[in-house]
1. State, in angstrom, two size descriptors of the chain derived from its alpha carbons: Rg to one decimal place and Dmax to the nearest whole number.
2. Around residue 186, what is the net charge, scoring Lys/Arg as +1 and Asp/Glu as -1 over all other residues with Cβ under 11 Å from its Cβ?
3. Under a plain spin-label model, where a point goes 7 Å from the Cα along Cα-to-Cβ, how far apart in nm are residue 140 and residue 66?
4. Measuring from centroid to centroid over Cα atoms, what is the spacing of the range 159-179 and the range 36-50 in Å?
5. Take the alpha-carbon centre of the range 213-262, take the same for the range 95-118, and report the distance between them in whole Å.
6. Add +1 for every Lys or Arg and -1 for every Asp or Glu among the other residues with Cβ under 13 Å from the Cβ of residue 22, and state the total.
7. What is the local net charge at residue 70, summed over the other residues whose Cβ is closer than 10 Å to its Cβ (Lys, Arg +1; Asp, Glu -1)?
8. Karplus couplings for the range 175-180 from phi (6.51 cos²θ - 1.76 cosθ + 1.60, θ = phi - 60°), rounded to Hz, Gly and Pro as x?
Amino acid sequence: MYPRPFEYLAPGSIDEAVRELSNSDYGKVLAGGMSLIPMMKLRLLSPELVVDIGRIPGLDEIVEVAGATSIGALVRHAATADSPHLPAALRTAAAWTGDVQVRNRGTTCGAVAHADMAADQTAAVLALDGVMIVSGPRGTRSVAAADFFVDVLTSALEPQEVLTSIEIPSRGGASAYRKLGRRGGHSDYAIAGAAVWVDKADGHIVSARVALTGVGLRAELARAAAQALVGTDGSNAAIAAAARRVGDDVPMIEDLFGSVEYKAHLAEAMTRRAMQAAVAAA
């Protein structure tokens, strides 16, 4: 199917992109286009304006900033997966996003802004306590990952705003991401995925964050499971006990890929595996 007619603009700066979006009743930002274009072709979305940020310089870099690593809006999944400057959970999530073609064209910021309920990198960014840098008509603002994912395909981005970068705090520790894809492998949306970050000192876990994807309406923190791991020695028994808490505060839904009970079972299994990998790396 073909999309409905739309106006296409390729601005040379973020300010110009924001201005064009502000002048439109219904505009969309195009970066990699791996989600936007299929949805337009299916007429699930019919924007009157598409603002292509692909020609704006400086957005395709992963750079060190004060206390964090910044991922620009045009950084491809493949570049995120290969970056030695990013934590393991995000590198793994990027490497398991889609197929080779998608990873070489799609962008990490685009996947996060799309806020798919079963995306991989949303959970990793959430577990790593990422910060979204957003530009809009009122200037630039920062949005914590915990506040960014609102609902199905819904983020905290306003219609006239552009996600220009994601900052991942440089706070040490170790992380991991594990998932079961819809076709049994890695290169597909997650039926259940878990991203874990831990920090260990003197033989004990002193801090932890756990985020799930695929099991609910959005990527969401599993705070009870993370808190249950803190203070333990990170043994397999402690990890198993903490992983059993993963459903305490994360609403899970039944869909075409599994019942609530099945999702809960997978969430526990993926959390346990991600915890084991992160603790071993720490």
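Values in this text are rule-based calculations from the coordinates and carry no lab data. Predicted model only: the values in this text are computed from it and were never measured. Positions of Cβ are generated from backbone atoms using ideal geometry, with glycine treated the same way; all protein chains shown enter the neighbour counts.
1. 18.7, 62
2. That works out to +1.
3. For the pair residue 140/residue 66, the computed spacing is 1.1 nm.
4. Computed from Cα coordinates, the inter-centre distance equals 27 Å.
5. When both Cα centres are located, 23 Å separates them.
6. -4
7. -3
8. 9, 7, 9, 9, 7, 10
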